[in-house]
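Trainee: So that we are looking at the same thing, I have put the structure below in structure tokens.
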Amino acid sequence: MSRSDVLVDADWVQAHLDDPGLVVVEVDEDTSAYDKCHIRGAVKIDWKKDLQDPVRRDFVDRAGFEALMCARGIRNDHTVILYGGNNNWFAAYAYWYFKLYGHDKVKLLDGGRKKWELDSRELVTDVTRRRSVRYRAEEQDTAIRAFRDDVIAAIGNLNLVDVRSPDEFSGRLLAPAHLPQEQAQRAGHIPTAKNVPWSKAARDDGTFRDDDELRTLYQDQAGLDLGRETIAYCRIGERSAHTWFVLHELLELPNVRNYDGSWTEYGSLVGVPIELGAGN
Amino acid sequence: MTAAEGCGAPAGGIKNNAGPGSQAVVQGRVSRSGSPVSPGYARLLNADGEFVAEVPLGDDGGFTFYAAPGDWTLRVLAPGGLRADRAVTADTGKITELDVAL
């Protein structure tokens with residue numbers, strides 16, 4: 001695997017938009033962005049409606065993912081190019097999700113929607129309709145997904161990377177600062193977690209930093225032992241999917257899991273330890 | 001969308017319609033030659049210059065943040081390499097207005 005196997009730039013995507021083996025997918029939480037305009041030929045995935053179970057807090061199951069792929073006209077042998085808003089948070093989450101269900105040929109558009117917009121590249125309003133196809137998903141690969149008991153067992157034993165902003169990590173804020181701060185869960189972070197905000201891995205325009213810069217960030221600046229297993233978390237698991245992508249796909253660390261329960265689960269658990277302040 | 005479910009920022013941010021309450025709101029509009037800037041992005045950086053949040057600008061060039069009280073930097077990015085930084089102080093129970101002309 002190399003960086004180009006998992007990440008493509010805007011020039012590459014623009015040059016391959018008519019490639020029949022490729023499906024471009026915009027993934028957002030706020031899908032009004034797609035509805036307003038999107039990359040030509042792109043279909044949309046709604047982070048909540050399409051990827052989350054409508055009743056309990058979990059993903060859509062394997063059959064649900066297969067139905068989604070069928071409806072979007074995505075075959076097992078398609079190369080899927082994911083992009084989205086919020087610096088590709090939800091696209092990175094979808095990338096992790098595609099991997100979870102065994103779809104190997106998937107790549108992120110570096111910089112996502114933001115870079116595309118800042119470059120003033122073409123965006124269209126025509127909604128893309130693709131013919132439905134057959135799709136077969138694998139069982140979930142839980143080697144890349146962490147659950148709450150894994151996280152509690154990891155305290156003091158594995159790398160825990162909290163990728164939220166320093167103000168959320170310390171307990172000063174309960175959510176990103178574009179959201180109202182009235183939340184049910186307690187503030188703070190999981191003891192022994194290191195705070196490496198997702199944003200440090202990206203430039204202002206949303207593109208990922210170079211591998212050398214990324215390695216320096218996690219190893220030298222944050223002091224993580226990259227030879228150990230790592231669990232990344234944030235508030236709901238999408239910013240940490242961005243960091244999972246960096247650690248597992250760009251730096252090719254073998255044992256990295258994303259804790260999608262993240263702070264909205266951990267910060268609401270009874271009896272678990274919580275640490276406040278800037279950490280060590 | 002409720003705040004408890006998602007983390008993403010809709011264009012313009014989540015509007016503050018009920019007054020600031022106990023929040024420290026920073027909001028405003030970005031314009032160029034009198035016209036709203038959109039697409040574009042507003043980023044909030046803390047006193048250490050650390051990224052905290054970002055919203056795509058709304059159709060009216062607008063943005064809204066719910067900060068903690070204190071000093072922040074608002075950074076605006078727009079097509080054509082346009083960029084601007086503005087210092088802003090947020091206070092609990094107050095809406096701080098900050099309009100940016102590029």
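Trainee: So, restricting to strands (runs of 3 or more DSSP E) that lie completely within the range B:44-96, which ones have at least 1 residues that are more than 20 Å from A:Trp89 (Cβ to Cβ)?
Mentor: Because the criterion is at least 1 residues that are more than 20 Å from A:Trp89 (Cβ to Cβ), the strands (runs of 3 or more DSSP E) in the range B:44-96 that meet it are B:62-67, B:70-78, B:82-90.
Trainee: Further, regarding this structure: Taking the residues in the range A:21-36 that are surrounded by fewer than 17 Cβ atoms within 10 Å (Cβ to Cβ) and not small (Gly, Ala, Ser) as candidates, determine which candidate is farthest from B:Asp59 (Cα to Cα). Steps first, answer last, please.
Mentor: Start the filter on the range A:21-36 by keeping residues that are surrounded by fewer than 17 Cβ atoms within 10 Å (Cβ to Cβ), which leaves A:21, A:32, A:35-36.
Narrowing further to those that are not small (Gly, Ala, Ser): A:35-36.
Details: A:Asp35: 14, A:Lys36: 11 Å.
Here the residue is A:Asp35.
Trainee: Here is a further query. Report yes if A:Val151 is assigned by TED's automatic domain parsing to the domain that holds A:Thr243 and either loosely packed, with under 14 Cβ neighbours inside 10 Å or in a helix (DSSP H, G or I) (or both), otherwise no.
Mentor: So A:Val151 fits the description; yes.
Trainee: Does A:Val246 count as modelled with pLDDT of 95 or more, under 30 Å from A:Gly84 (Cα atoms) and β-branched (Val, Ile, Thr)?
Mentor: Details: modelled with pLDDT of 95 or more: yes; under 30 Å from A:Gly84 (Cα atoms): yes; β-branched (Val, Ile, Thr): yes.
Yes: the conditions hold for A:Val246.
Trainee: Restricting attention to the range A:193-233, which residues are in contact with a strand residue (DSSP E or B) (Cβ under 9 Å, 6 or more places away or on another chain) and of a type in the set (A, V, I, L, M)?
Mentor: A:Ala193, A:Val196, A:Ala201, A:Ala202, A:Leu214, A:Ala222, A:Leu224, A:Leu226, A:Ile231, A:Ala232
Trainee: Sticking with this structure for a sec: Scanning the range A:247-266 for residues that are part of a loop (DSSP other than H, G, I, E, B) and touching a His at 6+ places or on another chain (Cβ under 9 Å), which turns out farthest from A:Leu7 (Cα to Cα)?
Mentor: A:Asn255
Conditions (1) farther than 26 Å from A:Gly237 by Cβ; (2) facing chain A (nearest Cβ under 9 Å); (3) of a type in the set (Val, Ile, Thr), marked per residue:
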| residue | (1), (2), (3) |
| --- | --- |
| B:Gly8 | no, yes, no |
| B:Val37 | yes, no, yes |
| B:Tyr41 | no, yes, no |
| B:Trp72 | yes, yes, no |
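Trainee: So which residues in the range A:227-243 are aliphatic (A, V, I, L, M) and either modelled with pLDDT under 95 or under 21 Å from A:Pro191 (Cβ atoms) (or both), if there are any at all?
Mentor: Within the range A:227-243, A:Ile231, A:Ala232, A:Ile236 meet the criteria.
Trainee: Oh, and also: Just wondering, is there one or more residues in the range A:110-119 that are away from chain B (no Cβ under 14 Å) and modelled with pLDDT of 95 or more?
Mentor: yes
Trainee: Say whether the condition of being among the charged types (D, E, K, R) and at pLDDT 95 or above is met by at least one residue in the range A:185-193.
Mentor: no
Trainee: Specify the residue that is nearest to A:Ser120 (Cα to Cα); the eligible residues are those in the range B:74-84 that are touching a residue at least 24 places away in the same chain (Cβ under 8 Å) and facing chain A (nearest Cβ under 8 Å).
Mentor: Here the answer is B:Pro79.
Trainee: Go through the range A:219-246 and count every residue that is crowded, with 24+ Cβ neighbours inside 10 Å, within 14 Å of chain B (Cβ to nearest Cβ), on the phi < 0 side of the Ramachandran plot and outside any strand (DSSP E or B).
Mentor: 9
Trainee: Residues in the range A:207-217: is at least one farther than 24 Å from A:Ser2 by Cβ and more than 14 Å from every other protein chain (Cβ to nearest Cβ)?
Mentor: At the first step, the residues of the range A:207-217 found to be farther than 24 Å from A:Ser2 by Cβ are none.
No: zero hits.
Trainee: Please enumerate the residues belonging to the range B:63-81 that are touching a helix residue (DSSP H, G or I) at 6+ places or on another chain (Cβ under 9 Å) and more than 22 Å from B:Ser22 (Cβ to Cβ).
Mentor: Hits for the range B:63-81 are B:Leu77, B:Ala78, B:Pro79, B:Gly80, B:Gly81.
Trainee: Hey, another quick one. Identify all residues within the range A:177-206 that are farther than 24 Å from B:Gln23 by Cβ and either of a type in the set (S, T, N, Q) or within 10 Å of chain B (Cβ to nearest Cβ) (or both); write none if there are none.
Mentor: A:Thr192, A:Lys200, A:Ala202, A:Asp204, A:Asp205, A:Gly206
Trainee: Another question, then. Return yes when B:Ser38 is touching a strand residue (DSSP E or B) at 6+ places or on another chain (Cβ under 9 Å) and in a strand (DSSP E or B) and no when it is not.
Mentor: Here the answer is no, as B:Ser38 does not meet what is asked.
Trainee: Which helices (runs of 4 or more DSSP H) does the range A:7-101 wholly contain that include 2 or more residues that are basic (Lys, Arg) and not assigned by TED's automatic domain parsing to the domain that holds A:Asn255?
Mentor: Numbers: elements: A:10-15, A:32-36, A:62-72, A:85-100.
Once the helices (runs of 4 or more DSSP H) in the range A:7-101 are filtered for at least 2 residues that are basic (Lys, Arg) and not assigned by TED's automatic domain parsing to the domain that holds A:Asn255, what remains is A:62-72.
Trainee: Something else about it: Counting only residues that are of a type outside the set (Ser, Thr, Tyr) and outside any loop (DSSP other than H, G, I, E, B), which one in the range A:181-207 is nearest to A:Ile231 (Cα to Cα)?
Mentor: Out of the qualifying residues, it is A:Lys194.
Trainee: A further question on this structure: Taking B:Ile95 as meeting all but one of (1) modelled with pLDDT under 90; (2) under 14 Å from the mean Cα position of the chain (by Cα), write down the number of the exception.
Mentor: It fails just one condition, (1).
The values are calculated or read from the model by the stated rules, or taken from the named source; none is laboratory data. Quantities reported herein were computed from a predicted structural model and do not represent experimental measurements. Backbone-built Cβ (ideal geometry, glycine too); neighbour counts: all protein chains shown.
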